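The values are calculated or read from the model by the stated rules, or taken from the named source; none is laboratory data. Remember, it's a predicted structure, so these values are computed and weren't measured experimentally. Using ideal geometry, Cβ is built from the backbone for each residue, glycine included, and neighbour counts are taken over all protein chains shown.
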Amino acid sequence: MRLSFYQRNADKIRIFLFILIMFAITSPIILSYFWLILRSFSVDMKGFIPTQLTVKNWRFLWSEIKGYPNIWKTTLNTAFVAIMVMLFEVFMTSMGGYALSRFDFPGRTSMMKFILVLHAFPSVSLMVAIYYVLKYLNLLDNLWGIILLKASLETPWATWVMKGFYDGIPWEMEWAGLVDGYSRFQVWRKVILPLVKPGVAVTAVFAFLSGWSEFIFINTFIFSQEFWTLSKYVKATIGDFRFADYGLLSAVGVFYALPTIILFFFVSKYMIKLTIGGVKG
Amino acid sequence: MPTIRVVNLKKYFGKVKAVDNISFEVKDGEFVALLGPSGCGKTTTLLMLAGIYKPTGGEIWFDDQLMNNVPPKYREIGMVFQNYALYPHMTVYENIAFPLRAKKMEENEIKKRVHDVAKKLMIENLLDRKPGQISGGQQQRVALARALIKQPKVLLFDEPLSNLDAKLRMMMRAEIKKLQEDLGITSVYVTHDQAEAMTMASRIVVFSRGKIMQYGTPDEVYRKPKNIFVATFIGNPAMNLIRNLDYIKEKGKAFLVSENLRLELPEDVAKKIEESKNSGKFILGFRPEDAKIDQKESDMGFWAYVYVLEPLGRDLIINLKVIGTEELIKIFAEDEVNIKKDEKVFVKLQHGKIHIFDSETEELII
């Protein structure tokens, strides 16, 4: 039997083509990150080639730049918002998701439908109303305002996600805990909650990232430089009242993205492990 | 160990009557099986005994204590679930120790007790493993250990063996029975497998559609089924039924007849039928082992032809079609019968081994 070149190497060729196509699809993203990193270390760029290397763009790390707040203070603000949003969301959704999954209360179904509809609303459309609410609560130009706003806007959807994780835990697990001599709350804390850890991790990561990358509300409701976060800082480098500093923009951009990337590395490993070793049958 | 008394117990889910007004009693130290097809309310009943479901109506008593509003943690029960419900994030040791931790027991005492019960169930070498790392049979033993460790007054089993393979199931069946006998703990065992119920329980509650069909010893439910449901649910192969029979009397002799079938009845049976309230239509039932194959016609029986033979090694099941009604019946053959497919044979019934049910109510007449 004679096989053609293609037939003899069909598997290899197919994989090669597959990789080629995948690369073509992802290259715009990869190349733009690549460009961003290169740009942050160069004076100027000709296409993808830096004209001259420099670390001057990173000067914001060790010196104050005129017209900008201190970068470390800004980073701290960003982390504060991200972590507080995360804590609020994890706290509320780990309980709310359980309630939606396990309790049969009046209005449960319509509540869940409503959550879906609610999520379809772009939060930008709420801007004016939120302004009045924050003003009334005296939370304008205050990071707590942003935190509460962010957490409350995302909690419904995250609760829905957590409900899905709770739904995956068999009732028997809970009954076993009750029979073993624990109250419902104790069973939740000692048996059920550890089993939805992957869900908590997912919620926490998404909450953290959404807090970390929040821009619109910061840009709208924060006025003082001392409350800036990194997104606002990046925005400022493009500038309304000054010339865009592309070197600085790239460097701050990379700096801004770094923690997220690091976090993602840690957590994705952790999450994959959890799903594989998770609940069986 | 308490006596469990269930009085007029009801559980409705919306309009669905999962458990519909049932009463039964489990004596001190007794092993009772709740038997029925899926969705018959047996597990719901068990969950009410455990305190996980609240009854819609009726009462549950442990001795002289009304348990309706007692949460599971105060009931002193141990429970084994169908999927074992072991906590996957804890080691086997932690799983077994979990009920003791609820009692804030001292660590030394916990350790001693866990090792004792693990030894009894032969799982001592697994204590460091996670449930996901041990086999189904081993998980089953861990679940049993967890139920036993707090020395419960009542043991509840929810189809504990149905996830095991056939061989292991037979082994665990005997082991659980032995364990229960040794410990003398009042036990309620839910199963849909009649063989499990027959072999393990001292009494069986047969369920159908939320009602109790019969409550009796394995022998009673097998020998004297109260109705068609019990008759056909218990026994493998099931009881043979010949439906749609009329009762007539000719020249002082009594017969059950259909178009092509004529069955002479003994006097005592005829008397019982006449004394009973009945709809005039009857169902005849007999167990596969209570009939014999013969070549010539004799007093009580009917003709049939051989449909299929099922050899089981030790036994042979002969599938026959009744001539005239075409109903399929199964009979255990005596050893060394020499019959062929399509052969015409006489099925000889035995006195005292036939059951007659009313067609309408499906209740036993004799």
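Within segment B:220-244, residues that are more than 18 Å from B:Thr361 (Cα to Cα) reach partners that are hydroxyl-bearing (Ser, Thr, Tyr) with beta carbons closer than 7 Å, at six or more positions or on different chains, in the pairs B:Ile234/B:Tyr222; B:Gly235/B:Tyr222; B:Ala238/B:Thr232. Residues of segment A:175-186 that are buried (at least 20 other Cβ atoms within 10 Å of the Cβ) and either touching a residue at least 12 places away in the same chain (Cβ under 8 Å) or of a type outside the set (Phe, Trp, Tyr) (or both): A:Ala176, A:Gly177, A:Leu178, A:Val179, A:Asp180, A:Gly181. Restricting to segment B:49-72, what's the tally of residues that are away from chain A (no Cβ under 12 Å), among the hydrophobic types (A, V, I, L, M, F, W, C) and closer than 17 Å to B:Asp20 by Cβ? Number of matching residues: 1. Is it the case that A:Gly164 is away from every other protein chain (no Cβ under 14 Å) and under 20 Å from A:Asp104 (Cβ atoms)? So A:Gly164 passes the test.
Restricted to segment A:193-209, and to residues there that are over 16 Å from the mean Cα position of the chain (by Cα) and either part of a helix (DSSP H, G or I) or surrounded by fewer than 19 Cβ atoms within 10 Å (Cβ to Cβ) (or both), the residue that is farthest from the other protein chains (Cβ to nearest Cβ) is A:Leu193. Out of all the residues in segment A:173-185, which are under 17 Å from B:Ile96 (Cα atoms), more than 7 Å from chain B (Cβ to nearest Cβ) and not small (Gly, Ala, Ser)? If the condition is that a residue be under 17 Å from B:Ile96 (Cα atoms), more than 7 Å from chain B (Cβ to nearest Cβ) and not small (Gly, Ala, Ser), then A:Glu174 is the only one that fits. Of all the residues in segment B:324-349, those that are modelled with pLDDT under 90 and under 25 Å from B:Ser279 (Cα atoms) number 5.
Listed here are the residues, each with its yes/no results for (1) under 30 Å from A:Val196 (Cβ atoms); (2) out of contact with any strand residue (DSSP E or B) (no Cβ under 6 Å at 6 or more places or on another chain); (3) of a type in the set (S, T, N, Q); (4) part of a strand (DSSP E or B).
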{"position": "B:Glu25", "(1), (2), (3), (4)": "no, no, no, yes"}
{"position": "B:Pro37", "(1), (2), (3), (4)": "no, yes, no, no"}
{"position": "B:Lys54", "(1), (2), (3), (4)": "yes, yes, no, no"}
{"position": "B:Ile60", "(1), (2), (3), (4)": "no, no, no, yes"}
{"position": "B:Met90", "(1), (2), (3), (4)": "yes, yes, no, no"}
{"position": "B:Ala97", "(1), (2), (3), (4)": "yes, yes, no, no"}
{"position": "B:Arg101", "(1), (2), (3), (4)": "yes, yes, no, no"}
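A quick yes/no check of all residues on (1) crowded, with 22+ Cβ neighbours inside 10 Å; (2) within 14 Å of chain A (Cβ to nearest Cβ); (3) in contact (Cβ under 8 Å) with a residue 40 or more places away in the chain; (4) within 25 Å of B:Arg173 (Cα to Cα):
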{"site": "B:Tyr74", "(1), (2), (3), (4)": "no, yes, no, no"}
{"site": "B:Gly78", "(1), (2), (3), (4)": "yes, yes, yes, yes"}
{"site": "B:His115", "(1), (2), (3), (4)": "no, no, no, yes"}
{"site": "B:Gln133", "(1), (2), (3), (4)": "no, yes, no, yes"}
{"site": "B:Val142", "(1), (2), (3), (4)": "yes, yes, yes, yes"}
{"site": "B:Gln151", "(1), (2), (3), (4)": "no, yes, no, yes"}
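Within segment A:25-61, being of a type in the set (Phe, Trp, Tyr) and at pLDDT 85 or above holds for A:Tyr33, A:Phe34, A:Trp35, A:Phe41, A:Trp58.
Assess whether B:Gln138 counts as being outside any helix (DSSP H, G or I) and more than 10 Å from every other protein chain (Cβ to nearest Cβ). So B:Gln138 does not fit the description; no.
The set of residues from segment B:295-323 being without any contact (Cβ under 8 Å) to a residue 40 or more places away in the chain and outside any strand (DSSP E or B) comprises B:Asp299, B:Leu312, B:Gly313, B:Arg314, B:Asp315.
Within segment B:221-257, being under 16 Å from B:Pro37 (Cα atoms), β-branched (Val, Ile, Thr) and surrounded by fewer than 19 Cβ atoms within 10 Å (Cβ to Cβ) holds for one residue alone: B:Thr232.
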